[in-house]
1. Once both labels are modelled 7 Å past Cα along the beta-carbon direction, what's the Ser98-Arg112 spacing in nm?
2. In square nanometres, what is one fourth of the surface area of the convex hull spanned by the alpha carbons of segment 21-144?
3. Using θ = phi - 60° and the Karplus relation 6.51 cos²θ - 1.76 cosθ + 1.60, list the HN-Hα couplings for segment 34-42 in order, rounded to whole Hz, with x at every Gly or Pro.
4. Based on the mean of other beta carbon atoms within 10 Å per residue, what is the order of 77-85, 133-141, most packed first?
5. Rank the residues Thr113, Thr28, Thr87 as a footprinting-exposure proxy: fewest other Cβ atoms within 10 Å of their Cβ go first.
Amino acid sequence: MKITRFALAAIIATALQSAPLAAQEEVTVQDLADRWTAAYNQADVDAIAALYGPNAELYIHNEGRYVGRDSIRDYWLGDVNRSNPITVLNVTDSVRDSEMMLVHGNYQVLDRTNGVPLGAGRFAHIWILGEDGAWHLDRDVWVDRNAR
């Protein structure tokens, strides 16, 4: 069976149009970590909240569990107002498939004005590909290195 170049081009174009935009962009685990870090370090709680899915869950060791985008936004609002922090994420491992990415690693929180360390520990993010073709943070876990 011979396929013309035109027919082959049409098949490829159709496949690309039906694939989610985020999948076409080939988002990396570091891209996702960088999105979260950029929003947090700008203290833009609306941008932070927008990264989460509507039914996302945030777990902060020894502080609690927050369910839903609004609850998560409120938590991060209180956090960024606490000590004017910035956060550095160092991705150490990841697992990826076509609709999910697990990203985990180490984090460090620093005072924005003088660079004094405020905290450090481990984080784990589970990102899922939404029906809108965008990656959304679904589960977010933070464990302070000094927490018991």
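Every read-out reported here was derived from the displayed coordinates using simple, explicitly stated rules and does not represent laboratory data. Keep in mind that what you see is a predicted model, and the values were worked out from it rather than measured. Cβ sites come from the backbone with ideal geometry, for glycine too, and all protein chains shown count toward neighbours.
1. That separation, rounded to one decimal, is 4.2 nm.
2. Averaged projected area of segment 21-144's Cα convex hull equals 7.0 nm².
3. After applying 6.51 cos²θ - 1.76 cosθ + 1.60, I find 5, 4, 5, 4, 4, 5, 5, 5, 8 Hz.
4. Output ranking for 77-85, 133-141: 133-141, 77-85.
5. Going from least to most buried by this count: Thr113, Thr28, Thr87.
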